[in-house]
Amino acid sequence: MTIRGALSIVAAIVVGLILWKAIVVIGGYPPFILPAPEVVATRLVEAWTRGTIQPHFVATLQEIGLGFVVGAGLALIAGYALARSILIERVLSPYIVAAQATPILALAPVLYLWFGPGLLGKVLICALIVFFPVAVATMVGIRSVDAGLLELGRSLRATRTQVLTTLEIPAALPSILGGMRVGVTLAVVGAIVSEWAGASRGLGVLVNLARGSLFDIPLMFATLVTIALVGICLYVAVVFVERRVVGAR
């Protein structure tokens, strides 16, 4: 990321904090309704220094990482198959679209019932929500490869593997990485939803605890800020990889 891009992000955050503070002051909201930014910041520091957030953060990050790897990996394979086989597209497309159209909040309790409260169910929920955007982006990217390049590869007697690694993947990378931008943020959503379906640890669990039994609204907002920062950092990481890989071509 360039310095200009980083400054733009910082400026956007500062403007958001100013608006947040203005809403609290003008509306006269008490901390148990809408805490001020400095109250949330103080509670965030306290929660981290006292070890309140760390175990939940680690659990959620593990779910996000495994879910994204599994979902994106399967999506790359499925996207390529959908792009290169009309039969596979006709057979699989209805199921893929149906799975995407069904709200993840409705599927999470079912997967929780089938696979239990362990890590497997949470990873599957994350993988499921990541799968669709990456698979579609891969399919679109592979189909957009210049037909002339493919014909050139065939005329040079390139093998299927050589065509894939030297022509199709490099040409489709911008589209694939664009899908992964969306997928990595949706992985965060999937992890939180999976924890709401049933878990004993995770940032989603901490949000419910802070809102319910603890009635610690500043802690709830501090946890939400942590979730948002995780999503932003993962998105920026994918953008960094995209610019390094695509820009090197």
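Tabulated data for the structure shown
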read-out: Residue match in region 179-200 (condition: closer than 24 Å to LEU34 by Cβ and free of Cβ contacts under 8 Å to residues at least 40 places away in the same chain); value: no
read-out: Single unsatisfied condition, PRO117 versus (1) over 30 Å from HIS56 (Cα atoms); (2) outside any helix (DSSP H, G or I); value: (1)
read-out: Test: GLY71 is on the phi > 0 side of the Ramachandran plot and either of a type outside the set (D, E, K, R) or in the same structural domain as GLU195 (by TED's automatic domain parsing) (or both); value: no
read-out: Cross-chain or 6+ apart pairs with Cβ under 7 Å, region 50-66 first and outside the structural domain of ALA187 (by TED's automatic domain parsing) and in a helix (DSSP H, G or I), then at pLDDT below 95 and among the polar types (S, T, N, Q); value: none
read-out: Filter result for the condition that a residue is small (Gly, Ala, Ser), assigned to a helix (DSSP H, G or I) and more than 26 Å from CYS233 (Cβ to Cβ), over ALA72, ALA106; value: ALA106
read-out: Matching residues in region 199-225 - criterion: being under 23 Å from GLY71 (Cα atoms) and in contact with a Leu (Cβ under 9 Å, 6 or more places away or on another chain); value: LEU203
read-out: Count - residues of region 185-230 that are in a helix (DSSP H, G or I), among the hydroxyl-bearing types (Ser, Thr, Tyr) and either surrounded by fewer than 22 Cβ atoms within 10 Å (Cβ to Cβ) or not assigned by TED's automatic domain parsing to the domain that holds GLU46 (or both); value: 2
read-out: Within region 212-242, tally of residues that are closer than 11 Å to ARG43 by Cα and without any contact (Cβ under 8 Å) to a residue 60 or more places away in the chain; value: 1
read-out: Among (1) touching a Ser or Thr at 6+ places or on another chain (Cβ under 9 Å); (2) outside any helix (DSSP H, G or I); (3) closer than 29 Å to GLU38 by Cβ - the single one ALA158 does not satisfy; value: (3)
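The values are calculated or read from the model by the stated rules, or taken from the named source; none is laboratory data. Here the structure is a predicted model, which is why all the values come from computation and not from measurement. Note that we place each Cβ from the backbone using ideal geometry, even for glycine, and neighbour counts take in every protein chain shown.
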